[in-house]
Each structure stands twice: as structure tokens, then as C-alpha cells.
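Asks: Mind having a look at this structure? Questions to follow.
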Amino acid sequence: MNHVITQLRAGLGDDLAKSGIENFYLASYEVVGRVWSPVFAIEFKRRRGYELTAWLPTIFGARVGGAEMTARFLFDYRKTLGEVVVDAYYRTAVEVAHASGLKIKSEAGGPGPPIHTPPMDALLANGAVDNVQGEFWPFWPDNDAINVIKEPASAAHLYGKSRVHLESFTSFHHWAEGPQDLKPSADRVFTEGGNHFVWHTWTHQAPSFGLPGLVYGAGTHLSRSVTWWSKAKPFLDYLARGSFLLQRGRFVADVLYYYGDGGMNFVGPRRNPTTLGPGYDYDVTNAEVILTRLSVRDGRLTLPDGTSYGVLVLPEGDAIHPPVLEKIEALVRDGATLIGPRPSRATGLEGFPAMDGKVQEIASRLWGNLDGKTRTQRAHGRGRVFMGVTEREVLAQLKLAPDFQGPAALDFIHRRDAEGEIYFVRNQTPDTLEVTASFRDHGNAAPAFWDPMRGTMQPIAAARATAGRMDVPLKLAAHGSGFVIFRTSAKADAPAAVRKTPAGNGPPPAPIVLDADWTVEFTAAFDAPAALQLARVEPWTQQTTAEHRYFAGSGKYRRTVTLPAGWRTQAGRVDLELGRLWAIGEVWVNGVSQGVVWAPPFSVDCTAALRDGENEIIIEVDSTWHNRLVGEARGELPKRTRTNITTSQRKSWKELDPIPSGLFGPVRLVPNTEL
């Protein structure tokens, strides 16, 4: 770091704080196997209070003093490794960076097992750096080890950091995705607590290298060399709008899970335990936060910035670090609610056996005669202790109803700022949903729907207060999403919530089907094929010619439509519905752009652009480089591309199939009385 700082100062001046650079970035700690250093034994003695020499065989699988004593030592060994890594690496890096006027941003908590084995308490490591970062892989959503989102989000909430950065859209699907394929994973990031996307990757290269060019071996590529770059802004705006709102205020949750104080501790993806169930949110905490940052305010466990939780839940097991249990007793005495089993011993061999006795003494005061069966709760000071009772049951006793209720297909996150309540809601399915979601009552605050795709807000006139809750009707497209905002005075955008058909003109006319008679004209960096005349709208990849089947670039679907006399006037608002397209499109009506369509529903309001009589409609669709690379690898197209990537999705290009690309339809002009 000192070498890099010297080089930066030579080029940018001594005051790096004014250079435009803000952070040094420390990448994920991708270590596999055992970790050791020449001074580790000294550090172990200083931190744990005993020599480790006699216990070294246990690191290689032997037992010393029986199974329990071996396990206790290994707990101390891993815990010490984690502390030393955090102190010697992350905290030292922060000190050096701060001395130069910069900060440290780091993916400090993993990815962890089974891919890597970084020896650390991940929350402690994230708490040590200035800016936290995780990562996610959109096409491997079930691989928990590489979707590190909830972990940095919890760390940010616990340590008072407003931004949760994510290495974003990492994959081995090279040029095989458009924004519509990335949106579901971005929405998952939002609901797990992420709020700032760090695109992985944009490769710097000279244009003379060729297309699609040099890129990193793992990533969703974003640069001017991507075919859909000119249409990327609406998707990037969507990410920016969502991030802006979810960086405001504080995270709202009811449950705080303690994951212990050992080394190699990691937080998995957001997944409510069955004992909590749907409708609530949570964070995971470590020992440092309990010891140094938690207090009790109005019966809630509260952090210095005001973020608070209704209950603290202990992990299953019979061991706990005595200072942590001592602090927990103080929190309960001050009014906190504790859920969990009674511990009977200390972790590790630190202070053994006296520390076991201390744990039993504190546990006797806290849990008293609870057995988790016939006696499941008791008061302690101003707080309560529960044993053998689920989190959901305890929250019900505390009169904390679910924050959000709706079909299982919906997911949510809730933040609160000085102006009100901010909920982000996403549809996790590929189907359009029209449902009613129920929110906690927020007094006189009225709900409004904020659409991050369009950047508009509308009051939800049909919302109804019922039994201490607010029922809100929602219509979400396939993998759709939006914000439900509760404000005491919400200003909505014009027009009003419903635009009706002009009075006296009767019901709206029938939709006009536009599936027939399309021309498709192609534009590409090289080898654009001849135009197509289509009897029915279809993706160009259905053609038998290689030039069309493997085309990479833009295809303009063009046709005219003559509106029947009086149709436009009687229709009121008119939507042009495109059905489906891939990868991304832009619509023109009579030479006027109606905007980019990049995710369902693929439709635009074209009311203002339509005119009586003949109208020209153009739908320009961009594909990706994938098909061209497949065609060249199969020898069906001449070699024109240039890239360092020889495989995608763990296969060679010739083994892959072309992705259906273009406009699928059905295409219709549809009168629509609602916004």
C-alpha cells in the first residue's frame, strides 16, 4: 500500500483526499487451507491466555485431552486466526489509507465455505473497513457461497454504514444476457439489503483491439463494445433510483440473530427461519456489536444510529462467551427481550474452568427455572427471557404483527427516513400478479406507488385501512417491482390515478392486432444481413440462413397501421404492447421515440404520437454477441470477431446454441383506461 500511495502522490499530488480517488479496494479474501504466521503463537498466548504448543496436533486432526477439550481449543484457534486477520490486515489497511486521506472498501467477509476458507468473523471484518462490499451471481441464485448480500447488509446496518456495495452480475455467461435477464437478481439484492451496484466488469481496452474485445473471464460485460450499450441508460437509471431510495434512512427489522463469537463465521443469504416465518426481517450480529454498540431504548435493542430490533435470538448450543452473556444480561435488565437456550459453559479454553462457572451463574439469573416446555418465559429486570418458544410467537406476544403480508411470490424490504416509510416489493415469479399486500399501519401516512422503471409516483387511491393494517392493491409484471411509500403528505405526478375514456363516446374500441406484415432491417458492426419480409412477427433467429440465425446487432421491425376513423379519439390512452422481445428494444411511432423497453411488461404509452390515418411503427431490437460467436465457432460465419473468451457457461462456443433474438409478439395497440 505504501508503494501504491507513493506512486499516486507522484502523479496526483500529496493530498490524495482532493485527487478524486476515495477508496483503496481490497478484493475478496479467497484463501483455501490452513493459515499460519511466524508470530501467531505469540498472538494466541496474548489473546487467549495460554500456550498453544501442546495443542498443535489437533490442527492436523489429532485429539488432545478428549473430544470436548479438542473442540474447545479449535474454537480458540479459529477465533484467534479471525482476530489476527482483521487486526493485521483490515484494520492496518484502514490506518494506512486514512493517513493518506483515503478509505478502505473491501469484500471482507468472503465468499466463505465451501469455496474459500477465510479464517475470520465476517461481520467483524466488515465492521473494520470503511465501506463494505459483497457479491452476487445472477445465474447461480441457489449457490449460497457466492451470493454474499445479507452479510455485508447486516454489517452495514450494525456498524452505521449507509451504502452496501455489491460486486454485481458476476457470471460465466459471456454476452448471453440483456437487462431483462439481470433485473430479478438486482431486485433480490435490493430486498436483501444491497443498495449500490459495482458492475463486474467494464474492461478498459483500445478500440483497435476489435469486437467484442478483451474482457475479464467472469462477468456481465458492460462497455461501449456491448451491442445494447446505447440502450442501457433506462436499466442503469432503474438501479440508480432503487439504490437512492434504499440508501435513505434506516433499515427496519424486528429480529437480531446472534451467530456467536468464533472464527470462520459467515452470514448466509436472507432466508427467514421457519420459527420466524414470512413477513418479518432480521439482521445477524456478532459479539463486538453486542459488547460495544447495543443498548435498549423503549424496549428495543438499539444501535447508535437508531436502528433497532424487537428481540435478540441466541444460536442453538450450550456455549457462550462470558462477557457477551454478561452484556446480554444487562440488556435484558434494561428492557430487552431475549429468546434462546440456556447456556451451560463458556466457549473455548480461555479462563477454563472458571469461565464455565461464570456462564452458569449468569444463566441461572437470566433463565431461572425455565425448562423450555412447561415454563417458557420469565421476567428479568424490565425485560423478558423466552426459552422453547419461536420468534414468531414471541413477536405476537409483543404485539409486533408482521411488517408485510402478501402471497409467497412477493418479497420486500423496509426502510424508514425522516419523511416516512419506504417499502420495496418485488414479484419473484415470471407471471403478472394482481394482489393485495398488507402493511403495518403507519398512522395518517398515505401510501403511494413509486415506479423505479419510470421514475413516477402515484397515490394508491384504492388502499384501505383494516384492523390496524393498510391493505394495498398491487399489480406487478413478471419479475416486476416497485416502492410503496408512506408519507404524511405525498406529492404525486400528473396525471391522476385513472384516465377514463372521453365522456359520451361509449366503451373503448377493440385492440388492433399487428402481428402480420413486418419488415426487418439489420444494422451491425460487420456483416449485416439482408432485410426480411415477415408474414408474421417472429424472432429473426427462426430464419434458416446463418446470417440471420447468428446475427449480432440491431434489427428494426417496421410496419404501418391505418387507424379506423374515430378509433384514436374513442380509445383515450393507447398502449403499444409488444408481447416479448430479446434482448432489449426501443419503440418509435411516427418518427418519435417512445422509449426503451428492457423488461416486462414490454409496452409503451404511445397516445401522444399516434395520429388519425396512417402511422409508422418501428421496434428496434438489439441482440448480443453470443450468437455471432457461436456461428463463427461452428464455421457457419466468417471470422470477424476478436476476443480472449473461448468458452461461455463452461462450454466452448461451438457447443452452445444461439439464443432466440428479436421480436416475438403478439403486438397490439390496446386502449387502456388505467395508468
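The values are calculated or read from the model by the stated rules, or taken from the named source; none is laboratory data. Model, not experiment: these values are computed from the prediction. Please note: Cβ atoms are built from the backbone with ideal geometry, for glycine as well, and neighbour counts cover all protein chains shown. Heads up: the accessible areas ignore ligands, DNA and RNA and are worked out on the full protein's heavy atoms, side chains in. Shrake-Rupley method; radii C 1.70, N 1.55, O 1.52, S 1.80 Å.
Asks: Name the long-range amide H neighbours of Ile659: under 5 Å, sequence gap of 5 or more, or other chain; modelled H, no Pro or chain starts.
Replies: The answer is Asn627.
Asks: Let me ask you something else. Counting every Cα pair in region 229-334, what percent are over 21 Å apart? Present the calculation step by step, with values, prior to reporting the outcome.
Replies: Values: 2671 of 5565 pairs.
Of all Cα-Cα pairs in region 229-334, 48 percent lie more than 21 Å apart.
Asks: Placing one identical point scatterer on every Cα of region 161-293 and ignoring solvent, what is log10 I(q)/I(0) from the Debye formula at q = 0.15, 0.19 Å⁻¹?
Replies: For the requested q values the scattering log ratios are -0.87, -1.15.
Asks: For q values of 0.22 Å⁻¹, compute log₁₀ I(q)/I(0) with the Debye formula on a Cα-only model of region 132-211, without solvent.
Replies: Listed by q, the Debye log ratios stand at -0.97.
Asks: Could you run the Karplus curve 6.51 cos²θ - 1.76 cosθ + 1.60 with θ = phi - 60° over region 537-554 and give me ³J(HN,Hα) per residue in whole Hz, x for Gly and Pro?
Replies: After applying 6.51 cos²θ - 1.76 cosθ + 1.60, I find 4, 6, x, 5, 5, 7, 6, 7, 6, 4, 4, 8, 4, 10, 5, 10, x, 10 Hz.
Asks: Counting only helical runs of four or more DSSP H residues, what would the 222 nm mean residue ellipticity of the chain come to if each run contributes -39,500 (n - 2.57) and the total is spread over all its residues? All intermediate terms of the calculation are to be shown ahead of the outcome.
Replies: Values: 16 runs with 152 residues, N = 675.
Result for the chain: -6500 deg cm²/dmol, rounded to the nearest 500.
Asks: Relative contact order of region 562-666, please, whole-number percent, based on alpha carbon pairs below 8 angstrom and at least 6 residues apart.
Replies: Details: 165 pairs, mean separation 34.5, N = 105.
Contact order relative to length: 33 percent.
Asks: Convert 25 °C to kelvin, take the viscosity as 0.890 mPa s, use the Kirkwood radius over C-alpha pairs of region 341-474 as Rh, and evaluate the Stokes-Einstein diffusion coefficient in µm²/s, rounded to a whole number. Don't skip to the answer; put the middle values down first.
Replies: Details: Rh = 19.0 Å.
Diffusion coefficient, whole number: 129 µm²/s.
Asks: May I ask you to give the average projected area over all directions of the convex hull of the Cα atoms of region 582-675, in nm² rounded to one decimal? Walk me through the numbers on the way to the answer.
Replies: Working: hull surface 35.0 nm².
Result: 8.8 nm².
Asks: Continuing with this model, one more query. Leaving out ligands, DNA and RNA, what percent of the accessible area of the chain is carbon and sulfur, probe 1.4 Å? Mind dumping the intermediate values first?
Replies: On the way: 15010 of 28630 Å².
Roughly 52 percent of what the probe reaches on the chain is carbon or sulfur.
Asks: For region 365-371, just list the computed ³J(HN,Hα) in residue order, Karplus coefficients 6.51, -1.76 and 1.60, θ = phi - 60°, integers in Hz, with x standing in for Gly and Pro.
Replies: Computed from phi, the couplings for region 365-371 are 6, 6, 8, x, 9, 5, 10 Hz.
Asks: Taking the mean number of other Cβ atoms within 10 Å as a proxy for protection, how do you rank 632-640, 433-441, 73-81 from highest to lowest? All intermediate terms of the calculation are to be shown ahead of the outcome.
Replies: On the way: 632-640: 14.1, 433-441: 17.1, 73-81: 22.0.
The densest-packed peptide leads the list: 73-81, 433-441, 632-640.
Asks: Of the peptides 536-544, 166-174, 32-40, 659-667, how do they stack up when ordered by the mean number of other Cβ atoms within 10 Å, highest first? Write down the numbers at each step before the final one.
Replies: Numbers: 536-544: 17.0, 166-174: 23.3, 32-40: 11.0, 659-667: 21.7.
Averaged packing, sorted descending, gives the order 166-174, 659-667, 536-544, 32-40.
Asks: Then there's this: If the cut-off is 24 Å between C-alpha atoms, which lysines fall inside it for Lys654, apart from same-chain ones fewer than 8 positions away?
Replies: Lys639
Asks: Something else now. May I ask you to compute the full-extension gain from Arg640 to Asn590, defined as 0.36 nm times their residue separation minus their alpha-carbon distance, rounded to one decimal in nm? Could the numbers behind the result be given before it?
Replies: Details: separation 50, 0.36 × 50 = 18.00 nm, distance 3.53 nm.
14.5 nm is the gain from fully extending Arg640 to Asn590.
Asks: My understanding is that a pair violates if its Cα-Cα distance is over 23 Å; which of Lys475/Lys556; Lys105/Lys651; Lys18/Lys105; Lys45/Lys327 do that in this structure?
Replies: On the way: Lys475/Lys556 31 Å; Lys105/Lys651 34 Å; Lys18/Lys105 18 Å; Lys45/Lys327 25 Å.
Table pairs above 23 Å Cα-Cα are Lys475/Lys556; Lys105/Lys651; Lys45/Lys327.
Asks: Then there's this: Excluding ligands, DNA and RNA, what is the solvent-accessible area per residue of the chain at a probe of 1.4 Å, expressed in Å²? Provide the component values of the computation, followed by the final result.
Replies: Values: 28630 Å² over 675 residues.
On a per-residue basis, 42 Å².
Asks: From Cα coordinates alone, what are the radius of gyration and Dmax values for the chain in angstrom?
Replies: Just the Cα atoms of the chain yield Rg and Dmax of 29.2, 95 Å.
Asks: Turning to a different aspect of this structure: Using the Kirkwood radius built from alpha carbon pairs, what does the Stokes-Einstein equation give as D for region 582-629 at 25 °C and 0.890 mPa s, in µm² per second?
Replies: Numbers: Rh = 11.9 Å.
D, rounded to a whole number, is 206 µm²/s.
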